[in-house]
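Read the structure below first, then the notes.
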Amino acid sequence: MSKHWDFHKMGIDMSRAFDTIKRPKILEVLNQAGCNEDELRLVRLLLSGTKLKVRVRSTHSADFETSIGSPQGDSLSPVLFTCYLAAALETVRRSSTRPNPPLSELDMPLEMEYADDVDFLDEEKDPLERLLPIAARNLKDSNLFVNEGKTEFTHVYLADKPLRGEEEWRKSKILGSLLCSSADVEARCIMGNIAFRSFCKIWIRRSRIPLAKKLQLYNACCVSIMLYNCNSWVAPKAVLEKLDSCHRKHLRVITGLQWPKSMVTNDTLYKICNTTPLSEKVEHLRWSMFGHILRMPQDTPAQKALEFSTLRSNRYKARKGRHCVNLLSMLKGDLKRGPPTTGKKLRELRELARCKDTWKKMKKD
């Protein structure tokens, strides 16, 4: 948004990833990762004797034992799969020209993984197209099957002014969120309205259900949808005002304080519902996320991306005129002690973020 720089993203889709991994290889990977014999014996015990059954409508089959896949629904399953996928991606890097660890010359992260969602990044599209069959072949050796037909290539760039805001990447999704924050906010408002209407019978029962219970249900089932992944939003105030407006409309229906029957101000409405505008919560969650990133080890992708954007991206030519708002500029605006434009300033922020109470006070000040 502020430099003459663009990149390409290749998102691969794996079919039934959790259900296809090889259990003997899980133990082999854990052994290579440094687990001791007691830990391996415990994992072996938890994976053995696993039974499943098939449900067709209301009919259930008999139980049958499984010898493949990681059982889902517990806290161990995602950890085992993450280790398994990390080992599989290691073979992909060895079989290709990708750097290991996956960092560019300027330390920009070249991979993004969350559960079974894997994205490969590069400044050119051709290397990613050559990487796809290599990745599919190596992942198949680990019993992970890439659906090449659903592989998505995205070019992230900033178009010239006549077409700015109409780029295709703005409609691309990562982990259920649109890359364009403004479009994602509008989509979240629509989904929040759909969720709100599904409970309309509860909102109109004013005498039977206490207001506190209604608000508790609303926050759990509607606000959580509207604020999904909001800590990475970079939307103008006008767009966030639409989010607040949608929130206030819901609160007025729940409380029954709707125009023209009632002329309650917005501040009074927030006080009655014991809440604040959602835009303030977005700002708080963005600041909290920044603190979490600063407390991470310095070799993690989030820390490397922060260093790339603040220090090493100076290699690229800056755009003329007023720059578009991005996440980094929003965080710089939140800082009262100056933006992290130097390595020294970044180290100071990391030290401040180690104490969560001090970090919260910085935002309050």
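The values are calculated or read from the model by the stated rules, or taken from the named source; none is laboratory data. Since the model is a prediction, treat every value here as computed from it, not as a measurement. Note: ideal-geometry Cβ built from the backbone for every residue, glycine included; neighbour counts use all protein chains shown. Only protein heavy atoms, including side chains, enter the accessible area calculation; ligands, DNA and RNA are left aside. Shrake-Rupley method; radii C 1.70, N 1.55, O 1.52, S 1.80 Å.
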* Structure fact -> When I209 is run through (1) in a helix (DSSP H, G or I); (2) touching a helix residue (DSSP H, G or I) at 6+ places or on another chain (Cβ under 8 Å), the failure sits at (1)
* Mind listing whichever residues of region 1-32 are open to solvent by 30 Å² or more (accessible area, probe 1.4 Å) and in a helix (DSSP H, G or I)? => F18, D19, P24, K25, L27, E28, N31, Q32
* Structure fact -> Scanning region 260-290 residue by residue, those open to solvent by 40 Å² or more (accessible area, probe 1.4 Å) and either in contact with a Gly (Cβ under 6 Å, 6 or more places away or on another chain) or under 24 Å from M191 (Cα atoms) (or both) turn out to be N266, N274, T276, E280, K281, E283, H284, L285
* To do: Count, please, the residues in region 286-328 that happen to be outside any helix (DSSP H, G or I), farther than 20 Å from R354 by Cβ and not aliphatic (A, V, I, L, M).
  => 9
* Residue ranges of strands (runs of 3 or more DSSP E) in region 80-184 with at least 3 members open to solvent by 60 Å² or more (accessible area, probe 1.4 Å) and in contact (Cβ under 8 Å) with a residue 12 or more places away in the chain -> 111-114, 152-156
* Across region 33-49, what is the number of residues that are outside any helix (DSSP H, G or I) and surrounded by 15 or more Cβ atoms within 10 Å (Cβ to Cβ)? -> 1
* To do: Give me a count of the residues in region 232-257 that are of a type outside the set (K, R), open to solvent by less than 50 Å² (accessible area, probe 1.4 Å) and part of a helix (DSSP H, G or I).
  => 12
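Residues checked against (1) of a type in the set (V, I, T); (2) within 19 Å of F7 (Cα to Cα); (3) modelled with pLDDT under 90:
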| residue | (1), (2), (3) |
| --- | --- |
| S142 | no, no, no |
| K150 | no, no, yes |
| G165 | no, yes, yes |
| C180 | no, yes, no |
| D184 | no, no, no |
| G192 | no, no, no |
| A195 | no, no, no |
* Asked: Of all residues in region 196-231, which are under 30 Å from G333 (Cα atoms) and open to solvent by 40 Å² or more (accessible area, probe 1.4 Å)?
  -> N219, S224, I225, Y228, N229, N231
* K304 versus (1) in contact with an Asp or Glu (Cβ under 6 Å, 6 or more places away or on another chain); (2) modelled with pLDDT under 90: which is the lone unmet condition? -> (2)
* **Selection from region 67-79 of residues that are open to solvent by 60 Å² or more (accessible area, probe 1.4 Å) and not in a helix (DSSP H, G or I)** => S67, I68, Q72, G73, D74, S75
